[in-house]
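Student: Attaching a single structure in structure tokens format; questions to follow.
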Amino acid sequence: MKKISIAIDGPAAAGKSTVAKIVAEKLSYIYIDTGAMYRALTYKAIQNHVNLENEQELLAVLQKTSIELMPGEEGQIIILDGENVTNDIRSAQVTNSVSAVAKHRAIRAEMVARQQEFGAEGGVVMDGRDIGTHVLPNAEVKVFLLASVDERAARRHAENQSKGFPTDLEQLKKEIATRDKLDSEREVAPLRKAEDAEEIDTTSMSIGEVADRILALAAERN
Ligand code: CDP
Ligand code: CDP
């Protein structure tokens with residue numbers, strides 16, 4: 001069977017990475033979590049006290065930075081300059097700063113180039129905010145996952161609790177809404193459904209149902 005490309009976009013905590021991993025595993029494709037790349041750069045910039053508003057300084061850091069995504073036992077492992085930062089990049093500080101880093105044109109250009117290189121051979125499931133619109137505009141399958149803010153905050157809340165992290169549902173709702181607004185209203189490659197993407201409202205769908213819908217689209221377009 002031909003190896004196609006699958007682009008999964010949508011707002012925070014819509015279930016993108018969870019279903020992307022399942023779809024990639026079922027098809028034996030590689031999975032690329034592009035949000036983790038922006039998170040890794042944000043983490044490094046914070047560690048190095050870089051002003052997140054300074055595009056040129058951030059770009060200089062990115063140009064000297066290696067970000068590798070590798071399959072691990074519990075999902076994808078993120079290696080930043082040789083160090084495993086998989087958990088560090090999910091901190092509240094990184095989560096609440098990442099949109100500021102991701103808004104810069106030069107940063108996006110470099111990230112998109114790296115992502116396109118990862119996906120150059122096809123056989124890839126990539127999730128993010130601009131995959132269908134910019135990174136893989138020719139992807140055979142494009143989906144845009146949606147769910148209400150309440151549902152998305154409840155999902156993140158449950159996820160945090162299962163990992164033993166302290167979490168506040170109302171605070172999560174505010175943070176998710178703020179990040180969605182920043183990502184949707186930025187000038188460069190804002191969060192948008194590609195014209196040819198299928199919108200899937202996952203509010204009352206299970207993870208398996210969403211994955212099956214994407215696998216059905218992949219089978220149709222293969
Ligand atoms: O998993 P979650 O929805 O919390 O976010 P993520 O996918 O890890 O993405 C973190 C942030 O990176 C987003 O809020 C965007 O600001 C940025 N991002 C982006 O701008 N473009 C992408 N393709 C992926 C992420
Ligand atoms: O990658 P993104 O930020 O879009 O979301 P995620 O990290 O894949 O999903 C956030 C949480 O919602 C995870 O704990 C998933 O298990 C859960 N989820 C769900 O309960 N129902 C779905 N249909 C999809 C995800």
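Student: Taking GluC sites (Glu not before Pro) as exposed when DSSP calls them loop (any state but H, G, I, E, B) and at most 14 other Cβ atoms lie within 10 Å, what is the longest stretch of the chain free of them, the sites themselves excluded?
Tutor: Longest stretch, sites excluded: 122-186.
Student: Of the options 162, 215, 182, report the single residue whose Cα projects farthest towards the positive end of the charge dipole of the range 131-222 (beta-carbon charges: Lys, Arg +1; Asp, Glu -1).
Tutor: After comparing all options, I get 162.
Student: Alpha carbon centre of the range 165-222 versus the range 65-127: separation in Å?
Tutor: 18
Student: For the range 116-210, what's the radius of gyration and Dmax over Cα atoms, in angstrom?
Tutor: Spelled out, the Cα radius of gyration and Dmax of the range 116-210 are 15.3, 42 Å.
Student: Given Cα pairs under 8 Å that are at least 6 residues apart, what percent is the relative contact order of the chain?
Tutor: 34
Student: Calculate how large, on average over all directions, the projected area of the Cα convex hull of the range 73-169 is; give the answer in nm² to one decimal.
Tutor: Its Cα hull, projected and averaged over all orientations, spans 8.2 nm².
Student: Determine, for each peptide in 96-102, 43-49, the mean count of other beta carbons within 10 angstrom over its residues, then list the peptides with the highest first. Don't skip to the end; give the middle numbers.
Tutor: Numbers: 96-102: 20.6, 43-49: 16.1.
Packing proxy ranking, top to bottom: 96-102, 43-49.
Student: Along the positive direction of the dipole of the chain (beta-carbon charges: Lys, Arg +1; Asp, Glu -1; about the Cα centre), which of 72, 22, 136 reaches farthest?
Tutor: 136
Student: What FRET efficiency comes out for residue 138 versus residue 169 if R0 is 41 angstrom and r is the Cβ-Cβ distance? Round to the nearest 0.05.
Tutor: Once the sixth-power term is evaluated, E becomes 0.55.
Student: Another question, then. When the C-alpha atoms of the range 5-204 are aligned to their principal axes, what extent does each axis show, in angstrom, from largest down?
Tutor: So the extents along the principal axes, rounded to whole Å, are 42, 42, 37.
Student: Mind running the shape call on the range 46-106? Use the C-alpha gyration tensor, a ≥ b ≥ c as the square roots of the eigenvalues: rounded below 1.5 for a/c, prolate if a/b tops b/c, oblate otherwise.
Tutor: prolate
Student: Also: Using only helices, what value at 222 nm comes out for the chain when you add -39,500 (n - 2.57) per DSSP H run of length 4 or more and divide by the total residues, to the nearest 500 deg cm²/dmol?
Tutor: It comes out at -15000 deg cm²/dmol, rounded to the nearest 500.
Student: What lysines sit close enough to residue 2 to cross-link, taking a C-alpha to C-alpha distance under 23 Å and skipping anything fewer than 8 places away on the same chain?
Tutor: In chain and number order, the partners are 21, 26, 142.
Student: With θ set to phi - 60°, apply the Karplus curve 6.51 cos²θ - 1.76 cosθ + 1.60 along the range 207-222 and write out the HN-Hα couplings as whole Hz, x wherever there is a Gly or Pro.
Tutor: 3J(HN,Hα) across the range 207-222, in whole Hz: 4, x, 5, 5, 4, 5, 4, 5, 5, 5, 5, 4, 5, 4, 9, 7.
Values in this text are rule-based calculations from the coordinates and carry no lab data. Since the model is a prediction, treat every value here as computed from it, not as a measurement. Here the Cβ is made from the backbone with ideal geometry for all residues, glycine too, and neighbour counts use every protein chain on show.
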